[in-house]
1. Mind checking the angle between helix 316-326 and the chain's longest principal axis? C-alpha axes, 0 to 90 degrees, to the nearest 10.
2. Hey, what did the chain get for relative contact order, percent, Cα under 8 Å, at least 6 apart?
3. Pull up all non-local amide H partners of K208: gap of 5 or more, or a different chain, and H-to-H distance under 5 Å with H placed in the peptide plane.
4. For the ranges 233-246, 35-48, 166-179, 91-104, what's the packing order if you count other beta-carbon atoms within 10 Å of each residue, average per peptide, and put the highest first?
5. Rounded, prolate or oblate, given the Cα gyration tensor of the range 178-280, with a/c below 1.5 counting as rounded?
6. For every other residue with a beta carbon closer than 11 angstrom to the beta carbon of E43, add +1 if it is Lys or Arg and -1 if Asp or Glu, then tell me the sum.
7. So how tilted is helix 130-139 from the main axis of the chain? Cα-based, degrees 0 to 90, rounded to 10.
8. Per-residue HN-Hα couplings for the range 186-199, Karplus 6.51 cos²θ - 1.76 cosθ + 1.60 at θ = phi - 60°, whole Hz, x for Gly and Pro?
Amino acid sequence: MDFDSSNLRRGLREAGLSNQVIDAAWPSWWSEELASDPSGRAELRFALARKLGISPRGLLGERVEFIWKDDAKFKHLSTEDAAQCAALASFGVAIGRLLIRGTPTGPNISGLDASILREALLSSQPYVDLLGLLSLCWSVGIPVVHLRVFPLDTKSMHAMVVKVDGRYAVLLGREASYPAPLAFTLAHELGHVARGHLSDAPALVDLKDPATATDGDAQEKEADEFALSVLTGSSNPTIITTTHSYNAPTLAAAVIRAAGQYSIEPGTLALCLAHREGTWARAMAALKFIYEGPRPISREINSLAKTQIDWQEIGYENSEYLHNVMGERD
Ligand SMILES: [Zn+2]
C-alpha cells in the first residue's frame, strides 16, 4: 500500500484527536518526499506515537490505541466516553513525561501537611498567591504549564496531574483572567499529589472546576481542604463581614484591607466569601478591581515555565512540540 500521510491523519482524527493537537505534534521536519522512505515513515509514526501517547503499532493502519486508557482517574466525569478519556490521559502523560524530563528533581512533597507548605510560603511573602505557588512547584521539581492545545475537539478539562517515575507534573486547562481562581486550582492539584491520590494512577484529571463541582468525591473534598489550608490557613475558612451591602468596588477595597491581617491573598478572600454566600458574580466583578483589570494568566504561567524548563534536556523536536502546546513562542 502506498503511504499517504493524510491516511495517518485520518486515523488519528477517527480516534477522536483534534486537528489542533495533530498539528502541534506533527514534526516540522516531515515533508511528503519522505513518504517513499521507509525509515522516514517509521520516524514519523514513532514521533506522533510518543507525543500523543499512542501505541506505534496502532499507526500501521490498525486502530489507534491509546497507551494510558485504563488506569487514569477522572473526576466529575459525566457522560464522557472512554475513548475520549483515553485520548486526554495519554496526551497528558506524554506531555508530563517531557516536562518532568526537563525539570530538575526536588524535595518530595508527598505526605506533606498543607500547613508546612503554607509556612514555607509565608516565610517570604505576606500571603499565598499564584506566583508563590508556581515558584514552590518548580522548586520541588513539579513543572506547571497551561495547555493551549487540547487533544479533543469538544471536551476540554480543568486541570490534570500526571505521575511519571514517582514524579509529578501539573497541566492546567482552563483560561483565567485573574490569578486567584487558578491559585485555588493549583493548590487543589498539589493536594492530590500530597495526599497520595496518584498512588495507583498515572494521571488524575479534573474535568470540571473543583471550586464549583460538588459530587461527594472523597478525594476531591480532601484536595479542596488541602487547597484552602494552604491558601487561608484553614480547611474551612470562616469569613465574617460586618456588612452584606458590598458592591464589587467596596468588596475589593475590604479584602485588600483585610489581606495583610489574615495573610490571605485579596482575590482568594473574595472567592472564599463567594463560596460561603453563593455570591460568585459579585466576587468575579470584585476581582477586576483587586487586580486592576483582567489579563491572560496562562501567558504568565507559561512565560515562567519557559524560563524554568531545561530545553536541552528535552531535545529539539520535543521542545518544538512543547512550545506548540504551550502557545506563543517568546
Ligand atoms: Zn481534583
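Just so you know, all these numbers are worked out from the coordinates, no wet-lab data involved. Predicted model only: the values in this text are computed from it and were never measured. So basically every Cβ, Gly included, is an ideal-geometry build from the backbone, and we count neighbours across all protein chains shown.
1. 50
2. In percent, rounded to a whole number, it is 20.
3. H158
4. The most tightly packed comes first, giving 91-104, 166-179, 35-48, 233-246.
5. Note, shape of the range 178-280 comes out prolate.
6. +1
7. Between the helix axis and the principal axis of the chain, the angle is about 50 degrees.
8. With coefficients 6.51, -1.76 and 1.60, one gets 5, 5, 5, 5, 4, x, 4, 5, 5, 8, x, 6, 9, 4 Hz.
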